[in-house]
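One structure is given below, encoded as structure tokens.
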Amino acid sequence: MTAFNPEDRGRHKKLILTWSITFLVLFPLLIVLGLLMRMNQGEVIKVDNATFYSYMTLHGLGMAGVLFSMAWAAVFYLVGTRYVKLNIGLGYAVFLLVVIGSVGLAVATLIGKFAAGWYMLYPLPFIGATWKAWTTGLAIISLIIMGVAWLIGCLHVVYALSREYGGFTNLIGWQYLGKKPPEKELPPLALIATISLVPGILAFIAGAAMLVMYLLQHLEPSLSFDALVQKNLMFFFGHTLVNITMYCGVGWLYTLLPEFTGREWKLNKLTVYAWNATFFFIVFAYFHHLYMDFVQPTGLQIAGQLASYFSAIPATAVTMFGVIAQLYRSKVKWGVIPTAFLLGVAGWAIGGFAAVVDSTISINKVLHNTLWVPAHFHTYMLMGVVLLILAFLYYLGSTEKNRDLSPKAGFGFWLFVAGAYGFLLMFYLGGMESIPRRFSEYASSGIAHTHDTGALLAKVAALFVALVLIGLLMMYGALFNGLLKKDQAPAK
Amino acid sequence: MYCTSMLLTIQHSAALISLIGALVVVGVVLFLFTTSDQGDEKHEAKKMVYALRGKYFLGLAAVIVVGLVITLGMLPYPKFQTEAPDQTIVVVGSQWSWKMGPGELPAEPKKFKGKSTITLPPGKTIQFLVTASDVTHNFAIYNEQGVLLAQTQAMPGYWNDLRYTFAQGGTFKVLCLEYCGAPHTVMTGKIVVEQ
């Protein structure tokens, strides 16, 4: 059993505070970009197309990067303070590289107006660009730097856990599948972190290969690559990154929620089977992004639907069941932390269900690239991942004696949740009404219904985004107060 | 095949199904909020939940299998289309316009001579062979009410085969649904369906 001394805990606490404060600063700024986009679509303000799409690019890349980084950092902190010693210097190196990459992306988009979208669909960055060529190079290099940072970070956590728990098969819980009870208990976070980070490692390698090809074409424009292969690589990278961000959050849900309910949440055969199945399905689910590429082999399209449907059972349904077993008649005191955990899982389930509906090929043919797509992934991210992160941050700023929060923080929290669901509802209604996604404005569509409905929904959504921001900022007093309090012992 | 006169579109059905799913989740959340103080022995409650585990997963598995069986028979891909096409239309997407017209697959899509407005007959199965000459676009057909009827990606180096039958006459709009650069929203075309 690894022994942890107070100095190590203190150093880990400083590192996670660095990540947390960076997250709390960047997250609302990225929301502001989203607000500006919805206001432009709602014809409340007018920004030119080049600017709109540079905002869209930074909003997408920034949110995916910031949320994954924060999720990884939380896993790093919990693993490093509870289960196995981790290299804190490496944690800072990852932070530094992510910051460098983020600054590069901000410069490329806000100054250079780089606007190829978060998935930079090949060969868009190189043809018909309204932005300068240097911004494409800077964006690619920035993403490579961030990808390398995440790769190193994930490899380190998995390697350290693997050494502690006697190898990779133990880490994915196979010792629970035999008749004999395991010699050493595996914490759920160790299993879920592995199931999340290993596909992440594969995705980062695929993403790095793809980005190196992008870089080669940027340096030598006569080169060209296959668009379908590049698209497969991009979505394997991008979809997996977003997917595992949620699973990291689920990892600390399994770890922290029992402290509020007083009920153990341990691994058993069912959870091990479920998460091993998730491990398999994560890798294939991204095919649903390519349904409208009819030349993609049909077998892969069907595999995409099967993987998307069946991945819902092991991860979401098993976790949902576990949460019900944790909370039902548990006498839990509904402070913001357990509430955020429960609502986070609920948001994951609601967004996940809408995603499964969209992953149905015969439905996707009329929902693909409409507002239904941002509807479900914003639900999953904003009301799933972000709530789990907020639960973690509140936990981090609390003490064992006092896990409650001020009423003002509670009001801000509910305002944030209400605003978010109002904002999301406008996306869902837009998808139902076939409003295209990624349209800077709807007048050019030439369809009265698309323009009128699209603009109206965007205008209402902008109001709800304002509530989201107000609610978030109202929580900041309690959050920063907890996180920056010097005289308290670090949370366990 | 989608019928333009249907009251409940596929989109509405999807929204309805999603709403039901969301309400179930909200119901579970409210149930957990309101019952957390009930009962005397908290560990007994956990056992009660676990007693339902088999039924819970069996029910979910049944929903998923039924969903798969119903939907996998309605794939939009050419090999799942039973009717042979009556007419073939070549579609080339280029930054930021559509070229459409009858003809053979051109060796160089960039040189294809098509128009952004075409006329097609109702009640005939049209085969749209779709590609792009530069970046990836998305060929999407909307009706006058703004309902998305059919779509496929227009990807450089590949030809996607989309089949669609316009049940009635009317004016249909073609939009690009894949972000293809700053003027993306102006990339439109028109399909007039008449005898």
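Read-outs: derived from the displayed coordinates by stated rules, not from any lab. Quick caveat: nothing in here was measured; it's all calculated off a predicted structure. Counting neighbours? That spans all protein chains shown, and the Cβs are built from the backbone with ideal geometry, glycine included.
A few remarks follow.
- Prolate/oblate/rounded label for segment B:10-71 (Cα gyration tensor, a/c 1.5): oblate
- If R0 equals 60 Å, the separation of the Cβ atoms of B:A51 and B:E83 corresponds to a calculated FRET efficiency of about 0.70.
- 5 angstrom amide H check on B:A150, placed H, neighbours 5+ away: B:I141
- Fluctuation leader among B:D37, B:D161, B:D134 - chain B, Gaussian network, Cα springs under 10 angstrom: B:D37
- Amide H partners (placed H, <5 Å) of B:T188, local residues excluded: B:W98
- Taking every DSSP beta bridge that has both ends in the protein assembly as shown, the antiparallel portion is near 70%.
- Once exposed loop GluC sites (Glu not before Pro) are cut out (DSSP; at most 11 other Cβ, 10 Å), longest piece of chain A: A:1-182
- By the rule of a C-alpha distance below 19 Å, with chain neighbours fewer than 8 residues away ignored, the lysines paired with A:K13 are A:K85, A:K401, A:K485, A:K486, A:K492.
- Efficiency of FRET between B:K110 and A:V212 - r from beta-carbon atoms, R0 22 angstrom, step 0.05: 0.20
- Applying the Karplus relation 6.51 cos²θ - 1.76 cosθ + 1.60 with θ = phi - 60° to segment A:82-99 yields 3J(HN,Hα) values of 10, 10, 7, 5, 10, 7, 5, x, 5, x, 5, 4, 4, 4, 4, 5, 5, 5 Hz, where x marks Gly and Pro.
- Amide N proximity, segment A:238-271 versus A:F280 label position 7 Å along Cα-to-Cβ, cut-off under 15 Å: A:270-271
- Against chain B, whose longest principal axis is taken from its Cα atoms, helix B:53-71 shows a tilt of about 10°.
- Among beta bridges that DSSP assigns inside segment B:1-140, antiparallel share in %, nearest 5: 45
- Hz values of 3J(HN,Hα) by residue in segment A:473-481 - Karplus curve (6.51, -1.76, 1.60), Gly and Pro given as x: 5, 5, 6, 5, x, 5, 5, 5, 4
- Cβ crowding within 10 Å, taken as a proxy for footprinting-reagent exposure, orders A:R163, A:R9 from fewest neighbours to most as A:R163, A:R9.
- For segment B:78-193, size of Cβ-based charge dipole, Lys and Arg +1, Asp and Glu -1, in debye: 220
- Cβ-Cβ FRET estimate between B:V66 and A:D226, R0 fixed at 60 Å, reported to 0.05: 0.95
- The dipole here belongs to the protein assembly as shown: it is taken about the Cα centre, uses +1 on the Cβ of Lys and Arg and -1 on the Cβ of Asp and Glu, and is about 1300 debye.
- Remark: segment B:10-71 carries a charge dipole of roughly 220 debye about the Cα centre, counting +1 on each Lys and Arg Cβ and -1 on each Asp and Glu Cβ.
- Lysine pairs with alpha-carbon atoms under 23 Å apart, segment B:78-193, spacing 8 or more or separate chains: 19
- Backbone amide hydrogens, once placed in the peptide plane, bring B:Q95 within less than 5 Å of B:D134, B:V135, excluding anything fewer than 5 places away on its chain.
- In this simple spin-label model, placing a label point 7 Å from the Cα along the Cα-to-Cβ direction at both B:T125 and A:W134 gives a separation of 5.6 nm.
- Positive end of the dipole of the protein assembly as shown (Cβ unit charges, origin at the Cα centre): among B:A15, B:A182, B:V29, the Cα lying farthest that way belongs to B:V29.
- Relative contact order computed over chain A (Cα-Cα under 8 Å; 6+ residues apart), in percent: 16
- Computed over chain B: relative contact order in percent, which uses C-alpha pairs under 8 Å that are six or more apart: 19
- Compared with the dominant principal axis of the Cα atoms in chain B, helix B:10-35 is inclined by about 20°.
- Rounded to 10°, Cα long-axis angle of helix B:42-51 versus longest principal axis of chain B: 50
- Relative contact order of segment A:105-222: 28 percent, from C-alpha pairs under 8 Å at least 6 residues apart in sequence.
- Modelled label positions at B:L19 and A:E259, each set 7 Å beyond Cα in the direction of Cβ, lie 4.1 nm from each other.
- Segment A:461-468 - phi-based ³J(HN,Hα) in whole Hz, Karplus 6.51/-1.76/1.60, Gly and Pro as x: 4, 4, 4, 5, 4, 4, 5, 4
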